[in-house]
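K.L.:
The following block contains the structure, expressed as structure tokens.
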Amino acid sequence: MTKCKILLWGISLLLITTLSVSCALVKSTTTQNINLQAGQYTSIPVTLNSGDLIEGSFTVSGPTDLDIKFSVQNPTGTSVFGPTRSRSGSFSYRAQTTGVHYLYLDNTYSLFTGKIVSLSYTCPRR
């Protein structure tokens, strides 16, 4: 083999390896039911890199027409999606910074009524 062919073979192998690694980043879907008592909130940590997309939906159930406040917060605690007060909704956010982001579910304004929140979201799995 000539040096040129060996160099081209090496570049091709490097390109194939790089493409394989970038395709290996798989999305993961998480679904959970969260029991939010009256006057409580919960925040679900999600680690994202800058440019990662997280998207999902939530639905509130309980004895009557119910809602919660929902937002996505960046690593500094700033809301980057919402807050929205709703019985159900969907969200999509592309991270601007790397770090732990939070899906924030808030029932603190409810004095008597607990709620069940069905939350499903998809983001890159690491």
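Rule-based calculations on the coordinates, nothing more; no lab input. It should be emphasised that the depicted structure is a prediction, and the values quoted were computed from it without experimental measurement. Reconstructed Cβ throughout: ideal geometry from the backbone, glycine too, with neighbour counts over all protein chains shown.
K.L.:
Using the Karplus equation 6.51 cos²θ - 1.76 cosθ + 1.60 (θ = phi - 60°), what ³J(HN,Hα) coupling, rounded to whole Hz, does each residue of the stretch 71-77 give in order, writing x for Gly and Pro?
P.N.:
8, 10, 10, 7, x, 8, x
K.L.:
Can you sort PHE58, PHE112 from fewest to most other Cβ atoms within 10 Å of each residue's own Cβ?
P.N.:
Fewest-to-most ranking of PHE58, PHE112: PHE112, PHE58.
K.L.:
How large is Rg/Rh for the stretch 26-124, to two decimals, with Cα atoms and a Kirkwood Rh?
P.N.:
Ratio value, two decimals: 0.97.
K.L.:
Rg and Dmax in Å for the stretch 54-101, alpha carbons only: what are they?
P.N.:
My reading of the Cα-based Rg and Dmax gives 12.2, 39 Å.
K.L.:
Pull out the extension gain between THR47 and THR98, defined as 0.36 nm times the separation in residues minus the alpha carbon to alpha carbon distance; nm, one decimal.
P.N.:
Length gained, THR47 through THR98: 17.6 nm.
K.L.:
Just how large is the dipole of the stretch 26-124 about the Cα centre, in debye to the nearest 20, putting +1 at every Lys and Arg Cβ and -1 at every Asp and Glu Cβ?
P.N.:
The calculated dipole for the stretch 26-124 is roughly 20 debye.
K.L.:
Report the net charge of residues surrounding VAL72, where surrounding means a beta-carbon distance below 13 angstrom and charges are Lys +1, Arg +1, Asp -1, Glu -1.
P.N.:
-1
K.L.:
Could you tell me the relative contact order of the stretch 26-124? Use alpha-carbon pairs under 8 Å, at least six residues apart, and round to a whole percent.
P.N.:
50
K.L.:
How far is it, in nm, from the label point at ASN35 to the one at ARG87 when both lie 7 Å from their Cα along the line to the Cβ?
P.N.:
According to this spin-label approximation, the distance is 2.3 nm.
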